[in-house]
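All remarks here apply to the structure that follows.
The values are calculated or read from the model by the stated rules, or taken from the named source; none is laboratory data. Note that this is a predicted model, so its numbers are computed, not measured. Here the Cβ is made from the backbone with ideal geometry for all residues, glycine too, and neighbour counts use every protein chain on show. Ligands, DNA and RNA are stripped out before the accessible areas are found, and what is left, the full protein with its side chains, is counted by its heavy atoms. Shrake-Rupley method; radii C 1.70, N 1.55, O 1.52, S 1.80 Å.
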Amino acid sequence: MASASLWLYRVLVAMLLPVAIPVIKLRQRLSRKSRPRFRDRLGRNLPKLPVGGVWIQAVSVGEVELARGLIAELERRAPDLPIFLTATTATGLDLARRTVGDRLPVFPCPIDLPGPVSRVFEKARPCLLVLVETELWPETLYQAELGEVPVAVVNARLSPGSFAGYRRIAGSLRTLLRPLALVLARSEADGERFAGLGVPEERIAVSGNIKYDLEADTRPLEWEDDLRRVAGDRPIMVAGSTMEGEEALLLDALAALGADGEMPPFLILAPRHPERFDAVAQLLSDRGIVFSRRSSGRPVRDHADAFLIDTIGELARAYRLGRVAFVGGSLVPTGGHNPLEAAVWGVPVLSGPHVFNFDEVYEEMTSAGAARLVADGAELRTAAAVWLEDPKLSQATGGAGREVVERNRGATARTISALLELVGRE
């Protein structure tokens, strides 16, 4: 029987949804941020779903990237076990459809209400629900328990701030978390926090961080040779997953390098969110910077100083071109993005101070000397100059980052072993 807190949650969601939908649509139109259509999240017109398989739920691009590794390992070790994947954001869905959509069903995560969620469970009757990182939706967990579907949280993380917030509603959380059959935590600290919320310790295991298992994508970039020709002798700096406010700081830092008489690098710039592509292009134009846009499909302009990656899916490969990488979402307080995408290529990493989404990774990277955190644009300029001017130092520093990746591999295999054991397939 549904708890009183779940009924209250249902009522609140049902009441707020009619108000939220037009507001979200208006914000989407103003911000040009793409979202899955609400009618596609109602659990109607579902694709043909395999019965008795594994349902994997990821949020956005980072979680989908992680899910791809899990899917590949599942397909290798249990090829007869069906899988389907849901994602929450439009960019996550796009990546999922382009990378695994030819092998398994991919569709939007259902809205967390009884109707949409139960339709997916009833049609697929999954043997396991896998939640990537921390996707704890009350209705989805309740419906899983109702259908006796075990739930596993993989690469589970819980920051100190989130833990403190959840502790305030610990009583309600115990009922919410009851369906969790297995929590595979990234670290001992994450595992202890889940235990502190009431998950029984025998259901918690530390499997390590799956993000270390990423493989370097060696597929060619069709614009790479052209870009290297235009860059000439200039070192290349790749700035990836940048957020609003960071591009201006970055361009200021690079302009200062030129003013100091040093050779400014050729810049490859990849904003995090597609809805900001045009704004970043305008910023480059306003500053008089000669650049080319990836989406144009045309050759890189002669005498260009920058290349704007305004498409999805090439940043991880583009890092290999850099003598140094700046990983964004870190000079502004959004928590940072994955530095391992650059480290796997042996490229040293610069980031701002706000990297709480990847605390453990940055701690190991900075300890190895493979990454440096800078406070502001001025420190960014100084730190970038050191690696840009000394290719041997850059190579040695980047090699230390690659070693960090190599010695932390193995979480994917441990995770799949635990999941297969949970469903009696190991």
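Here are a few things to note about the model shown:
- Highest average first, the peptides 332-343, 136-147 ordered by how many other beta carbon atoms sit within 10 Å of their residues are 332-343, 136-147.
- When +1 charges are put on Lys and Arg Cβ atoms and -1 charges on Asp and Glu Cβ atoms, the dipole computed for the chain relative to its Cα centre reaches about 1620 debye.
- Taking Rg and Dmax of the Cα atoms in Å as calculated from this structure, the corresponding entry among [x] 22.6, 72; [y] 27.8, 86; [z] 33.6, 121 is [x].
- Largest accessible area first, the residues PHE163, PHE266 order themselves as PHE163, PHE266 under a 1.4 Å probe with ligands, DNA and RNA left out.
- Expected 222 nm ellipticity per residue - DSSP helices of 4 or more, -39500 (n - 2.57), all of the chain, to 500: -13500 deg cm²/dmol
- The chain - percent relative contact order, Cα under 8 Å, separation 6 or more: 13
- Electrostatic dipole magnitude of region 272-426 [Cβ: Lys, Arg +1; Asp, Glu -1; Cα centre; debye, to 20]: 460
- Looking at region 131-186, the accessible area is 41 square angstrom per residue; that uses a 1.4 Å probe and ignores ligands, DNA and RNA.
- Helix 90-99 axis, angle to the chain major axis (alpha carbon atoms, nearest 10°): 90
- Only protein heavy atoms count here; under a 1.4 Å probe, PHE38 has an accessible surface of about 50 Å².
- Percent RCO, i.e. relative contact order, over region 43-186, from Cα pairs under 8 Å lying at least 6 residues apart: 25
- In this structure the amide hydrogen of ILE204, modeled in the peptide plane, comes within under 5 Å of the amide hydrogens of VAL183, none closer than 5 places in sequence on its chain.
- Under 5 Å, built H, 5+ apart or other chain: amide partners of GLY346: ARG402
- Radius ratio Rg over Rh of region 71-177, counting only Cα atoms, Kirkwood formula for Rh: 0.98
- Helix axis angle, 277-286 relative to the chain longest principal axis, alpha carbon, degrees: 20
- Accessible area of the chain belonging to carbon and sulfur atoms, whole % at 1.4 Å probe: 52
- Accessible area of THR382 (1.4 Å probe, protein heavy atoms only, ligands and nucleic acids ignored): about 70 Å².
- With loop membership from DSSP and a limit of 12 other Cβ atoms within 10 Å, the longest segment of the chain without trypsin sites (Lys or Arg not before Pro) is 169-426.
- 3J(HN,Hα) couplings calculated from phi for region 370-383 with the Karplus curve 6.51 cos²θ - 1.76 cosθ + 1.60 (θ = phi - 60°) are, in sequence order, 8, 9, 9, 9, 10, 7, 7, x, 5, 5, 4, 4, 5, 5 Hz; Gly and Pro show x.
- Taking all Cα pairs closer than 8 Å and separated by 6 or more residues, the relative contact order of region 167-321 comes to 20 percent.
- The chain: angle of helix 114-124 to the longest principal axis, Cα-based, in degrees nearest 10: 90
- Largest accessible area first, the listed residues GLU246, GLU148, GLU122 line up as GLU148, GLU122, GLU246 when surface is computed with a 1.4 Å probe on the assembled protein chains.
- 5 angstrom amide H check on ILE83, placed H, neighbours 5+ away: VAL54
- Geometric descriptor of region 193-332, per residue, is 153 Å³ (volume of the convex hull of the Cα atoms).
- Size check on region 60-128: the Cα extents along the three principal axes, sorted descending, read 34, 28, 17 Å.
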